[in-house]
Amino acid sequence: MTDRVVVITGGSRGIGRAAAIAAGERGYRIVIGYQSNKAAADEVVAQIERKNGKAIAVKCDVAQEKDILALFKAADGFGTLGALVNNAGIVGPSARVEDMSAERIQRMMAVNVTGSILCAREAVKRMSTRRGGKGGVIVNLSSVASRLGAPNTYVDYAASKGAVDSFTLGLGYEVAGEGIRVAAIRPGLIDTDIHASGGEPDRAHRLAPMVPMKRVGTAEEIANAIVWLISDEASYVTSAILDVSGGR
Ligand code: NAP
(Lines give C-alpha, C1' and ligand atoms only; values in the text may rest on other atoms or scores of the structure.)
Protein backbone atom coordinates (compact mmCIF):
# COMPACT_ATOMS: atom_id res chain seq x y z
CA MET A 1 0.00 0.00 0.00
CA THR A 2 2.74 2.51 0.89
CA ASP A 3 4.05 2.46 -2.70
CA ARG A 4 0.70 3.75 -3.93
CA VAL A 5 -0.47 7.26 -4.80
CA VAL A 6 -2.18 9.48 -2.24
CA VAL A 7 -4.07 12.47 -3.66
CA ILE A 8 -4.42 15.34 -1.18
CA THR A 9 -6.56 18.32 -2.17
CA GLY A 10 -5.48 21.63 -0.66
CA GLY A 11 -2.05 20.14 0.05
CA SER A 12 -0.11 23.39 -0.28
CA ARG A 13 -0.78 24.74 3.22
CA GLY A 14 -2.07 23.89 6.68
CA ILE A 15 -3.44 20.41 7.40
CA GLY A 16 -3.09 19.23 3.79
CA ARG A 17 0.56 20.25 3.74
CA ALA A 18 1.27 18.42 6.99
CA ALA A 19 -0.56 15.33 5.71
CA ALA A 20 1.44 15.40 2.45
CA ILE A 21 4.74 15.56 4.33
CA ALA A 22 3.72 12.84 6.83
CA ALA A 23 2.48 10.51 4.07
CA GLY A 24 5.53 11.26 1.90
CA GLU A 25 7.81 10.24 4.78
CA ARG A 26 5.98 6.90 4.94
CA GLY A 27 6.74 6.18 1.28
CA TYR A 28 3.44 7.03 -0.43
CA ARG A 29 3.65 8.81 -3.78
CA ILE A 30 2.00 12.18 -3.11
CA VAL A 31 -0.13 14.21 -5.52
CA ILE A 32 -0.80 17.64 -4.03
CA GLY A 33 -3.70 19.68 -5.31
CA TYR A 34 -3.56 23.42 -4.71
CA GLN A 35 -5.91 26.24 -5.62
CA SER A 36 -3.55 29.09 -6.52
CA ASN A 37 -0.47 29.09 -4.27
CA LYS A 38 2.01 27.35 -6.59
CA ALA A 39 5.03 28.48 -4.58
CA ALA A 40 3.69 26.87 -1.41
CA ALA A 41 2.79 23.67 -3.27
CA ASP A 42 6.24 23.49 -4.87
CA GLU A 43 7.84 23.95 -1.44
CA VAL A 44 5.88 20.95 -0.09
CA VAL A 45 7.04 18.86 -3.08
CA ALA A 46 10.65 19.94 -2.46
CA GLN A 47 10.39 19.09 1.23
CA ILE A 48 9.10 15.58 0.43
CA GLU A 49 11.81 15.06 -2.21
CA ARG A 50 14.54 16.18 0.22
CA LYS A 51 13.59 13.14 2.33
CA ASN A 52 13.74 10.91 -0.77
CA GLY A 53 9.96 10.88 -1.17
CA LYS A 54 8.03 11.28 -4.42
CA ALA A 55 5.55 14.10 -5.00
CA ILE A 56 4.01 16.32 -7.67
CA ALA A 57 1.82 19.41 -7.41
CA VAL A 58 -1.21 20.00 -9.64
CA LYS A 59 -3.33 23.14 -9.77
CA CYS A 60 -6.89 22.14 -8.87
CA ASP A 61 -9.75 24.32 -7.69
CA VAL A 62 -12.10 21.63 -6.38
CA ALA A 63 -15.07 23.84 -7.29
CA GLN A 64 -14.16 23.17 -10.95
CA GLU A 65 -14.98 19.68 -12.22
CA LYS A 66 -12.48 20.01 -15.08
CA ASP A 67 -9.71 20.73 -12.56
CA ILE A 68 -10.66 17.59 -10.60
CA LEU A 69 -10.53 15.48 -13.76
CA ALA A 70 -7.08 16.92 -14.54
CA LEU A 71 -5.88 16.22 -10.98
CA PHE A 72 -6.83 12.55 -11.20
CA LYS A 73 -5.41 12.25 -14.71
CA ALA A 74 -2.09 13.50 -13.36
CA ALA A 75 -2.37 11.03 -10.48
CA ASP A 76 -2.96 8.19 -12.99
CA GLY A 77 0.36 9.07 -14.59
CA PHE A 78 2.12 8.92 -11.23
CA GLY A 79 1.09 5.42 -10.09
CA THR A 80 -1.82 3.40 -8.73
CA LEU A 81 -4.21 5.35 -6.55
CA GLY A 82 -4.33 4.11 -2.95
CA ALA A 83 -5.97 6.99 -1.08
CA LEU A 84 -7.73 10.33 -1.43
CA VAL A 85 -7.61 12.97 1.30
CA ASN A 86 -10.49 15.38 0.71
CA ASN A 87 -8.86 18.24 2.58
CA ALA A 88 -9.51 21.43 0.56
CA GLY A 89 -12.00 23.57 2.44
CA ILE A 90 -12.94 27.20 3.04
CA VAL A 91 -14.69 29.34 5.63
CA GLY A 92 -16.24 32.77 5.14
CA PRO A 93 -16.00 35.87 7.31
CA SER A 94 -18.01 35.65 10.53
CA ALA A 95 -21.64 36.52 9.84
CA ARG A 96 -25.19 35.71 10.85
CA VAL A 97 -27.19 33.67 8.35
CA GLU A 98 -29.51 36.62 7.69
CA ASP A 99 -26.51 38.53 6.28
CA MET A 100 -25.11 35.79 4.02
CA SER A 101 -25.22 36.21 0.24
CA ALA A 102 -26.28 33.42 -2.08
CA GLU A 103 -22.84 33.60 -3.72
CA ARG A 104 -21.06 32.97 -0.42
CA ILE A 105 -23.24 29.97 0.45
CA GLN A 106 -22.96 28.51 -3.05
CA ARG A 107 -19.17 28.83 -3.04
CA MET A 108 -18.97 27.19 0.41
CA MET A 109 -21.02 24.23 -0.76
CA ALA A 110 -19.21 24.00 -4.12
CA VAL A 111 -15.79 23.72 -2.46
CA ASN A 112 -16.53 21.87 0.79
CA VAL A 113 -19.31 19.53 -0.38
CA THR A 114 -19.57 19.14 -4.16
CA GLY A 115 -15.79 19.24 -4.61
CA SER A 116 -15.33 16.47 -2.02
CA ILE A 117 -18.04 14.31 -3.56
CA LEU A 118 -16.65 14.72 -7.10
CA CYS A 119 -13.12 13.86 -5.94
CA ALA A 120 -14.49 10.79 -4.17
CA ARG A 121 -16.32 9.82 -7.36
CA GLU A 122 -13.05 9.86 -9.29
CA ALA A 123 -11.28 7.91 -6.52
CA VAL A 124 -13.99 5.23 -6.34
CA LYS A 125 -13.86 4.77 -10.13
CA ARG A 126 -10.17 3.94 -9.80
CA MET A 127 -10.06 2.04 -6.48
CA SER A 128 -13.25 -0.06 -6.43
CA THR A 129 -12.58 -3.78 -6.80
CA ARG A 130 -15.96 -3.93 -8.56
CA ARG A 131 -14.33 -1.89 -11.35
CA GLY A 132 -11.04 -3.79 -11.38
CA GLY A 133 -9.27 -1.55 -8.85
CA LYS A 134 -7.15 -2.59 -5.87
CA GLY A 135 -9.23 -0.94 -3.14
CA GLY A 136 -8.16 2.08 -1.13
CA VAL A 137 -9.13 4.72 1.41
CA ILE A 138 -10.94 8.05 1.34
CA VAL A 139 -10.44 10.46 4.25
CA ASN A 140 -12.73 13.49 4.39
CA LEU A 141 -11.92 16.59 6.45
CA SER A 142 -15.02 17.53 8.39
CA SER A 143 -14.99 19.81 11.46
CA VAL A 144 -16.32 19.88 15.02
CA ALA A 145 -18.44 22.72 13.59
CA SER A 146 -20.72 20.01 12.18
CA ARG A 147 -21.66 19.17 15.79
CA LEU A 148 -21.51 22.68 17.24
CA GLY A 149 -23.33 24.54 14.44
CA ALA A 150 -21.07 27.64 14.63
CA PRO A 151 -23.85 30.17 15.44
CA ASN A 152 -23.12 33.84 14.69
CA THR A 153 -19.91 32.78 12.96
CA TYR A 154 -20.35 30.46 9.98
CA VAL A 155 -23.43 28.28 10.11
CA ASP A 156 -23.02 27.73 6.35
CA TYR A 157 -19.58 26.20 6.96
CA ALA A 158 -20.97 24.01 9.76
CA ALA A 159 -23.76 22.85 7.45
CA SER A 160 -21.24 22.00 4.73
CA LYS A 161 -19.32 19.84 7.21
CA GLY A 162 -22.57 18.19 8.32
CA ALA A 163 -22.98 17.18 4.68
CA VAL A 164 -19.41 15.82 4.69
CA ASP A 165 -20.29 13.67 7.74
CA SER A 166 -23.38 12.21 6.06
CA PHE A 167 -21.48 11.66 2.83
CA THR A 168 -18.76 9.81 4.76
CA LEU A 169 -21.28 7.43 6.32
CA GLY A 170 -23.22 6.80 3.13
CA LEU A 171 -20.29 6.37 0.75
CA GLY A 172 -18.57 4.15 3.32
CA TYR A 173 -21.56 1.80 3.41
CA GLU A 174 -21.84 1.92 -0.40
CA VAL A 175 -18.27 0.81 -1.12
CA ALA A 176 -17.44 -1.25 1.99
CA GLY A 177 -17.73 -4.47 -0.03
CA GLU A 178 -15.48 -3.10 -2.79
CA GLY A 179 -12.22 -2.75 -0.86
CA ILE A 180 -12.66 0.94 -0.08
CA ARG A 181 -12.76 2.40 3.43
CA VAL A 182 -14.20 5.88 3.97
CA ALA A 183 -13.64 7.91 7.14
CA ALA A 184 -13.80 11.53 8.26
CA ILE A 185 -11.81 13.54 10.75
CA ARG A 186 -13.39 16.36 12.71
CA PRO A 187 -10.56 18.72 13.67
CA GLY A 188 -11.15 21.21 16.46
CA LEU A 189 -9.25 24.51 16.64
CA ILE A 190 -6.11 23.97 14.59
CA ASP A 191 -3.38 26.55 14.13
CA THR A 192 -3.49 27.23 10.35
CA ASP A 193 -4.14 30.11 7.94
CA ILE A 194 -7.84 29.26 7.66
CA HIS A 195 -8.71 31.56 10.56
CA ALA A 196 -7.07 34.52 8.79
CA SER A 197 -9.08 33.74 5.67
CA GLY A 198 -12.18 33.97 7.89
CA GLY A 199 -11.05 37.45 8.94
CA GLU A 200 -9.65 36.61 12.41
CA PRO A 201 -6.07 35.28 12.41
CA ASP A 202 -6.04 34.84 16.22
CA ARG A 203 -9.39 33.02 16.40
CA ALA A 204 -7.96 29.62 17.34
CA HIS A 205 -5.80 31.04 20.15
CA ARG A 206 -8.63 33.29 21.42
CA LEU A 207 -10.94 30.29 21.76
CA ALA A 208 -8.31 27.88 23.11
CA PRO A 209 -9.45 28.28 26.77
CA MET A 210 -12.81 26.72 25.76
CA VAL A 211 -11.05 23.52 24.69
CA PRO A 212 -10.89 20.92 27.51
CA MET A 213 -7.16 20.44 26.76
CA LYS A 214 -6.78 24.27 26.93
CA ARG A 215 -4.76 24.57 23.72
CA VAL A 216 -5.08 24.67 19.96
CA GLY A 217 -4.06 21.64 17.90
CA THR A 218 -1.36 21.52 15.28
CA ALA A 219 -1.68 20.55 11.63
CA GLU A 220 0.73 17.70 12.38
CA GLU A 221 -1.66 16.26 14.99
CA ILE A 222 -4.38 16.06 12.34
CA ALA A 223 -1.90 14.66 9.80
CA ASN A 224 -1.04 11.85 12.25
CA ALA A 225 -4.70 10.83 12.31
CA ILE A 226 -4.90 11.03 8.50
CA VAL A 227 -1.90 8.77 7.93
CA TRP A 228 -3.24 6.30 10.49
CA LEU A 229 -6.62 6.17 8.73
CA ILE A 230 -5.06 5.56 5.32
CA SER A 231 -2.74 2.87 6.71
CA ASP A 232 -3.55 -0.82 7.04
CA GLU A 233 -3.49 -0.30 10.82
CA ALA A 234 -7.00 1.12 10.38
CA SER A 235 -8.10 -1.85 8.26
CA TYR A 236 -11.44 -2.34 10.11
CA VAL A 237 -12.34 1.38 10.23
CA THR A 238 -14.97 2.59 7.79
CA SER A 239 -17.98 4.92 7.82
CA ALA A 240 -16.36 6.33 10.94
CA ILE A 241 -15.91 9.93 12.08
CA LEU A 242 -12.97 10.67 14.36
CA ASP A 243 -12.87 13.83 16.50
CA VAL A 244 -9.32 15.20 16.83
CA SER A 245 -10.18 18.24 18.87
CA GLY A 246 -8.67 18.22 22.36
CA GLY A 247 -12.02 17.13 23.77
CA ARG A 248 -14.13 19.95 22.33
P1 NAP B 1 -5.87 26.42 5.15
O2 NAP B 1 -4.71 26.54 6.06
O3 NAP B 1 -6.73 27.63 4.89
O4 NAP B 1 -5.38 25.77 3.77
C5 NAP B 1 -6.33 25.59 2.77
C6 NAP B 1 -5.77 24.73 1.68
O7 NAP B 1 -6.84 24.43 0.80
C8 NAP B 1 -4.70 25.41 0.87
O9 NAP B 1 -3.80 24.43 0.41
C10 NAP B 1 -5.50 26.01 -0.28
O11 NAP B 1 -4.74 26.15 -1.50
C12 NAP B 1 -6.55 24.97 -0.47
N13 NAP B 1 -7.79 25.45 -1.07
C14 NAP B 1 -8.57 26.48 -0.70
N15 NAP B 1 -9.63 26.60 -1.54
C16 NAP B 1 -9.50 25.60 -2.45
C17 NAP B 1 -10.23 25.21 -3.58
N18 NAP B 1 -11.33 25.86 -3.97
N19 NAP B 1 -9.79 24.15 -4.29
C20 NAP B 1 -8.66 23.50 -3.93
N21 NAP B 1 -7.91 23.84 -2.90
C22 NAP B 1 -8.33 24.87 -2.16
O23 NAP B 1 -6.91 25.30 5.72
P24 NAP B 1 -6.72 24.22 6.89
O25 NAP B 1 -6.97 24.89 8.19
O26 NAP B 1 -5.50 23.45 6.68
O27 NAP B 1 -8.02 23.31 6.63
C28 NAP B 1 -7.95 22.09 5.90
C29 NAP B 1 -9.28 21.36 6.10
O30 NAP B 1 -9.50 21.13 7.49
C31 NAP B 1 -10.50 22.15 5.61
O32 NAP B 1 -11.42 21.26 5.02
C33 NAP B 1 -11.07 22.73 6.88
O34 NAP B 1 -12.44 23.00 6.78
C35 NAP B 1 -10.77 21.63 7.87
N36 NAP B 1 -10.73 22.11 9.25
C37 NAP B 1 -9.79 23.01 9.68
C38 NAP B 1 -9.83 23.45 11.00
C39 NAP B 1 -8.84 24.44 11.56
O40 NAP B 1 -9.03 24.91 12.70
N41 NAP B 1 -7.80 24.80 10.83
C42 NAP B 1 -10.81 22.97 11.88
C43 NAP B 1 -11.74 22.07 11.40
C44 NAP B 1 -11.70 21.64 10.09
P45 NAP B 1 -3.85 27.48 -1.82
O46 NAP B 1 -2.62 27.38 -0.92
O47 NAP B 1 -3.50 27.33 -3.26
O48 NAP B 1 -4.68 28.65 -1.50
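Looking at Ala57, is it modelled with pLDDT of 95 or more, within 17 Å of the chain's Cα centre (by Cα), under 24 Å from Ala184 (Cα atoms) and more than 13 Å from the ligand (Cβ to nearest atom)? Reasoning before the result, please.
On the way: modelled with pLDDT of 95 or more: yes; within 17 Å of the chain's Cα centre (by Cα): yes; under 24 Å from Ala184 (Cα atoms): yes; more than 13 Å from the ligand (Cβ to nearest atom): no.
Judged against the criteria, Ala57 is not a match.
Name the residues in segment 194-217 that are in contact with a helix residue (DSSP H, G or I) (Cβ under 8 Å, 6 or more places away or on another chain) and within 10 Å of the ligand (Cβ to nearest atom), would you? Listed by number, the residues that qualify are Ile194, His195, Arg203, Ala204, Val216. Condition test on Val164, is it within 16 Å of the ligand (Cβ to nearest atom) and of a type outside the set (S, T, N, Q)? The answer is yes for Val164.
Scanning segment 168-193 for residues that are within 16 Å of the ligand (Cβ to nearest atom) and either of a type outside the set (Val, Ile, Thr) or more than 26 Å from Ser12 (Cβ to Cβ) (or both) yields Ala183, Ala184, Arg186, Pro187, Gly188, Leu189, Asp191, Asp193.
Just checking, does segment 77-89 include any residue being more than 17 Å from Val5 (Cα to Cα), outside any strand (DSSP E or B) and at pLDDT 95 or above?
Step one: list which residues in segment 77-89 are more than 17 Å from Val5 (Cα to Cα), which gives 88-89.
Now restrict to residues that are outside any strand (DSSP E or B): 88-89.
Filter once more, so that each one left must be at pLDDT 95 or above: 88-89.
Yes, segment 77-89 contains a residue that is more than 17 Å from Val5 (Cα to Cα), outside any strand (DSSP E or B) and at pLDDT 95 or above.
Candidates in segment 37-46 are the residues that are in contact with a strand residue (DSSP E or B) (Cβ under 9 Å, 6 or more places away or on another chain) and within 21 Å of Leu84 (Cβ to Cβ); of these, the one that is surrounded by the most Cβ atoms within 10 Å (Cβ to Cβ) is Ala41.
Return a yes/no flag: does segment 97-114 have any residue that is within 14 Å of the ligand (Cβ to nearest atom), crowded, with 19+ Cβ neighbours inside 10 Å and more than 25 Å from His195 (Cα to Cα). No: segment 97-114 contains no residue that is within 14 Å of the ligand (Cβ to nearest atom), crowded, with 19+ Cβ neighbours inside 10 Å and more than 25 Å from His195 (Cα to Cα).
From (1) buried (at least 19 other Cβ atoms within 10 Å of the Cβ); (2) within 23 Å of Ala225 (Cα to Cα); (3) at pLDDT 95 or above, pick out the condition that doesn't hold for Ala204. For Ala204, the failing item is (3). Taking segment 1-13, which residues are within 15 Å of the ligand (Cβ to nearest atom) and either surrounded by fewer than 23 Cβ atoms within 10 Å (Cβ to Cβ) or more than 19 Å from Ala219 (Cβ to Cβ) (or both)? The answer is Arg13, and nothing else. On the stretch given as segment 60-73, residues that are within 18 Å of Ile138 (Cα to Cα) and surrounded by fewer than 20 Cβ atoms within 10 Å (Cβ to Cβ) total 2.
Does at least one position in segment 216-232 carry a residue that is surrounded by fewer than 14 Cβ atoms within 10 Å (Cβ to Cβ), over 15 Å from the mean Cα position of the chain (by Cα) and under 27 Å from Leu81 (Cα atoms)? Within segment 216-232, one or more residues are surrounded by fewer than 14 Cβ atoms within 10 Å (Cβ to Cβ), over 15 Å from the mean Cα position of the chain (by Cα) and under 27 Å from Leu81 (Cα atoms). Here segment 218-238 is the region considered, the condition is being away from the ligand (no atom under 11 Å from the Cβ) and hydrophobic (A, V, I, L, M, F, W, C), and the residue that is farthest from Glu25 (Cα to Cα) is Val237.
Each row is one residue, and each column tells you yes or no for (1) of a type outside the set (Ser, Thr, Tyr); (2) in contact with a strand residue (DSSP E or B) (Cβ under 6 Å, 6 or more places away or on another chain); (3) within 18 Å of Asp99 (Cβ to Cβ); (4) surrounded by fewer than 21 Cβ atoms within 10 Å (Cβ to Cβ).
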| position | (1), (2), (3), (4) |
| --- | --- |
| Gly133 | yes, no, no, yes |
| Val137 | yes, yes, no, no |
| Asn140 | yes, yes, no, no |
| Ser146 | no, no, no, no |
| Asn152 | yes, no, yes, yes |
| Ala159 | yes, no, yes, yes |
| Gly162 | yes, no, no, yes |
| Leu171 | yes, yes, no, no |
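The C-beta contact set for segment 26-45 (first residue under 11 Å from Gly10 (Cβ atoms), second residue acidic (Asp, Glu) and near the ligand (Cβ under 9 Å from one of its atoms), distance under 7 angstrom, 6+ apart or interchain) comprises Gln35/Asp61.
The values are calculated or read from the model by the stated rules, or taken from the named source; none is laboratory data. Nothing here was measured: the structure is a model prediction, and the numbers come from that model. Glycine also receives a Cβ, built like all others from the backbone with ideal geometry; neighbour counts cover every protein chain displayed.
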